Amino acid sequence: MRGAALLALVGGGAAIAWLARRSLAQRDATFMTRTAQVNLAEITLAHLALEHSRQEPVLQYARLLLRHHQDAQRSLKNLSRMLGVSLPRRPDSAQQEQSTRLRQLGGQTFDRAFVEAMISGHVRAIAMFEHEAHEGQDPLVRAYARRVLPHLEEHLTLARRLERHLRHAAAAI
């Protein structure tokens with residue numbers, strides 16, 4: 001009853017946001033923070049691939065990553081505003097170091113290192129998203145994880161396929 005009175009007093013949207021902020025579990029907020037960093041890192045690495053690679057399959061993959069992770073980040077920002085979670089504006093330090101290392105590579109060396117980074121990064125991201133999709137406490141955060149997870153799985157499948165392609169292309173030389 002008090003909740004209904006509070007909603008009537010404060011106004012629907014503001015009260016809902018206030019209640020959501022109060023009850024968001026720390027692990028859901030941590031998931032959102034880490035997800036923002038993953039999205040930002042993937043966006044950065046996709047831009048690097050577009051600058052450093054000359055192989056069309058790598059470029060196509062980078063464009064797909066860019067589109068999907070930008071969309072995922074936009075959705076996450078909307079969710080964070082609704083739930084009152086402050087998101088980071090940069091990848092974490094390890095992710096930044098990874099992009100610095102990749103930035104210094106070129107040609108096939110870059111392509112191989114980029115694809116390896118995509119495989120290992122997506123394996124970790126999928127585990128994180130699966131955990132949140134099943135164990136997360138906030139239904140909106142769980143729904144976000146469930147909505148993005150198929151894209152991450154697609155990215156991993158494509159990265160593994162790209163790894164095989166690069167290996168065969170190198171063997172043919």
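The values are calculated or read from the model by the stated rules, or taken from the named source; none is laboratory data. No experiment lies behind these values; they were computed from the predicted model shown. Cβ placement follows ideal geometry from the backbone for every residue including glycine, while neighbour counts extend to all protein chains displayed. Just the protein is used for accessible areas: all its heavy atoms, side chains included, with ligands, DNA and RNA removed. Shrake-Rupley method; radii C 1.70, N 1.55, O 1.52, S 1.80 Å.
What to note about this one:
- Of the listed residues Met82, Met118, the order by accessible area with a 1.4 Å probe, largest first, is Met82, Met118.
- The coefficient of translational diffusion for the chain, derived via Stokes-Einstein from the alpha carbon Kirkwood radius under 20 °C and 1.002 mPa s, stands at 123 µm²/s.
- Share of carbon and sulfur in the accessible heavy-atom surface of region 19-173 [1.4 Å probe, %]: 50
- For trypsin sites (Lys or Arg not before Pro), the sites in region 40-120 that DSSP calls loop and that have at most 16 other Cβ atoms within 10 Å are Arg54, Arg89.
- Computed with a 1.4 Å probe over protein heavy atoms only, the accessible area of Leu105 comes to about 60 Å².
- Rounded to the nearest 0.05, the FRET efficiency derived from the C-beta distance between Thr30 and Arg74 at R0 = 25 Å is 0.75.
- Between Gln137 and Ala171, the FRET efficiency estimated from the beta carbon spacing at R0 = 35 angstrom works out to 0.10.
- In the context of the full set of protein chains, residues of the chain present 57 Å² of accessible surface per residue (probe radius 1.4 Å, heavy atoms only).
- Percent of Cα pairs exceeding the 14 Å cut-off, where the set is region 81-173: 73
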